[in-house]
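What follows is a set of notes on a single structure, which appears directly below.
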Amino acid sequence: MIVNKVDVVIIGAGASGLMCAATAGYRGKSVLVLDHANKAGKKILMSGGGRCNFTNMDASPKHFLSSNAHFCISALRRYSPQDFVDLVDRHGLEYVEKTPGQLFCEHSAKDLLAILLTECEWAGVTIQLNTNIEQVEDIPTDTNSEQDSLHSVKRIHTSNGIIECDSLVIATGGLSIPTMGATGFGYKVAEQFGLTVLPTRAGLVPLTLQPSDKERFAELSGVSSDVTASFNDTHFTEPMLFTHRGLSGPAILQISNFWTPGHPIFINLIPQQDIKAQLIQLRQDSPKATLEKWLTKQLPKRLVQVLVEENEWQGSFSELSNAKIDRISEQLSNWIIKPNGTEGYRTAEVTLGGVDTEFVSSKTFEAKNVPGLYFIGEVLDVTGWLGGYNFQWAWASGYAAGQFV
Ligand SMILES: Cc1cc2nc3c(=O)[nH]c(=O)nc-3n(C[C@H](O)[C@H](O)[C@H](O)COP(=O)(O)OP(=O)(O)OC[C@H]3O[C@@H](n4cnc5c(N)ncnc54)[C@H](O)[C@@H]3O)c2cc1C
């Protein structure tokens, strides 16, 4: 049996795995990155519409969901968005700030992936693709010394042979977009070694509508409007998009992280105005003008047509009673939608839940009860909002683990 030995094996050549690999490589460790895909960083390439929203300058712990809200603090503090910007600046990456704080590649996500691969090359990292992982074993080292007995060796059986390492890093991400190579491998390894995996569900994902609403809004497919989407105490003011399946766009993807099935979400269609006060003022100032005409100045025309027809909002402002103004403003500012579900992992950007961080050190990312086994990135129960936060988590957790493997 030929067994190759390296210091560190990282399973997953994605964002966190490549960051961890380069960091450990620069420390002089021999690092092998394994991935079953035929290409490294596939999600990086498809992210941000092909331009990768690679960080958010405002990233802070409040932008992350986890059952252990404090877990992300240490790593985010030790590797900031500015640290990542300094890295890409050293490589001359051209980037743009689209909305405040959100940085995208100016040209293509390929440029960002090239930087990570160059860093890995400079750090002496070996990346082996097209490699299926069959089994992971913990082999106790043959020693009586108390210290060494803590350090077992990890043996990884792959389709390309057997490898042993002192540190095994699981960087296999979440379940979203299975066609891009996402698997539940990391969760299985966690369970094999006695760590708890918290229930997972699709996040940053379009919401589907009940069949009756789907029919009602079918003709609005493609219409986008700036709204405030709310669920409980969480609100996001961003564009919302009607699709042929339901609702999408940043406002909906954001709120999907917080939504729980069976409950309604609330949409303010004209968030920038006090609608009731405005309608009362218009009834006084422009009694002959129509609600429909005013609405077309605030909302896309096709959406106005559906609202006016469904609610019988034809007529001039002078015809509006106070009660009707109340109803109209309520409907526009507190539109209640009860989603049917989500589009699921097929289109989700992230996976909520995952490896329970209670079992992992927030300093080293090593499993507390399994020396030499590390979990980083999205496989952990840490999920960012939309806006570059998920990549910042991948960089920060990968960098932190890379210091200790
Ligand atoms: C469409 C889309 C757009 C996105 N856009 C953004 C964005 O603009 N900004 C942002 O911050 N976040 C974005 N995200 C989220 C971001 O891509 C992820 O949070 C991030 O890639 C997670 O990094 P990771 O290293 O944990 O996992 P990944 O980058 O997913 O890497 C995991 C790697 O593990 C490999 N792997 C999985 N299972 C196995 C196995 N069994 N054996 C071997 N290898 C395996 C995979 O092939 C993959 O290479 C987007 C996600 C999607 C799906």
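To make sure I understand the rule: partners must be lysines, Cα under 17 Å from the Cα of LYS338, and not fewer than 8 residues away in the same chain. Which ones qualify? Those lysines meeting the cut-off are LYS214.
Taking all protein chains together and rolling a 1.4 Å probe, TRP385 ends up with roughly 60 Å² accessible. Largest GNM mean-square fluctuation across SER321, SER30, SER67, computed for the chain with C-alpha springs under 10 Å, falls on SER321. In this structure, the residue pairs whose Cα-Cα separation is over 18 Å, taken from LYS98/LYS301; LYS154/LYS368; LYS29/LYS154; LYS5/LYS29; LYS43/LYS110, are LYS98/LYS301. Solvent exposure of LYS98, expressed as accessible area, is near 110 Å², computed with a probe of 1.4 Å over the protein chains only.
Across the chain, the mean sequence separation of Cα contacts (distance under 8 Å, 6 or more residues apart), normalised by length, yields a relative contact order of 25 percent. Rounded if a/c is under 1.5, else prolate if a/b is larger than b/c, else oblate: which is the chain, with a ≥ b ≥ c the root eigenvalues of its Cα gyration tensor? Prolate shape, in that a/c is at least 1.5 and a/b is the bigger ratio. Using a cutoff of 8 angstrom between alpha carbon atoms and counting only pairs six or more residues apart, the relative contact order for segment 207-342 works out to 31 percent. Entry note, segment 10-148: relative contact order of 37 percent, from Cα contacts under 8 Å with a spacing of 6+ residues.
Site pair ASN4 and GLN192 shows an inter-label distance of 1.9 nm when each label is modelled 7 Å from Cα along Cα→Cβ. Qualifying GluC sites (Glu not before Pro) in segment 52-141, where qualification requires a DSSP coil assignment and no more than 11 other C-beta atoms within 10 Å, comprise GLU94, GLU106. Between THR99 and GLU137, the simple label model (points 7 Å from Cα in the Cβ direction) yields a spacing of 5.1 nm. When peptides 300-310, 54-64 are ranked by their average number of other Cβ atoms within 10 Å per residue, the highest-first order is 54-64, 300-310.
Annotation: the antiparallel percentage among DSSP beta bridges lying fully within the chain is about 70. In sequence order, segment 92-98 has phi-based couplings of x, 5, 8, 9, 10, 9, 6 Hz under the Karplus curve 6.51 cos²θ - 1.76 cosθ + 1.60, θ = phi - 60°, and Gly or Pro positions carry x.
Counted residue by residue at 0.36 nm each, then reduced by the alpha carbon distance between them, the extension gain from ALA277 to ASP213 reaches 20.1 nm. Between GLU164 and ALA69, the simple spin-label model (points 7 angstrom out along Cα→Cβ) gives 4.6 nm.
Between LEU45 and LYS293, the C-beta separation translates, for a Förster distance of 35 Å, into a calculated FRET efficiency of about 0.15. In this structure, GLN82 and ALA323 have a Cβ-Cβ separation that, at R0 = 51 Å, corresponds to a calculated FRET efficiency of about 0.40. Axis angle, to the nearest 10 degrees, between helix 81-90 and the longest C-alpha principal axis of the chain: 70 degrees. In the chain, helices alone account for a calculated mean residue ellipticity at 222 nm of -9000 deg cm²/dmol, with every DSSP H run of four or more residues adding -39,500 (n - 2.57). The protection proxy used here, the mean number of other Cβ atoms lying within 10 Å of each residue, ranks peptides 16-27, 243-254 as follows, highest first: 16-27, 243-254.
The values are calculated or read from the model by the stated rules, or taken from the named source; none is laboratory data. All figures in this text were calculated on a predicted structure; none of them were measured in a lab. Every residue, glycine as well, gets a Cβ built from its backbone with ideal geometry; the counts of neighbours run over all protein chains shown. Quick note on the areas: whole protein, heavy atoms, side chains included, nothing else; ligands and nucleic acids left out. Shrake-Rupley method; radii C 1.70, N 1.55, O 1.52, S 1.80 Å.
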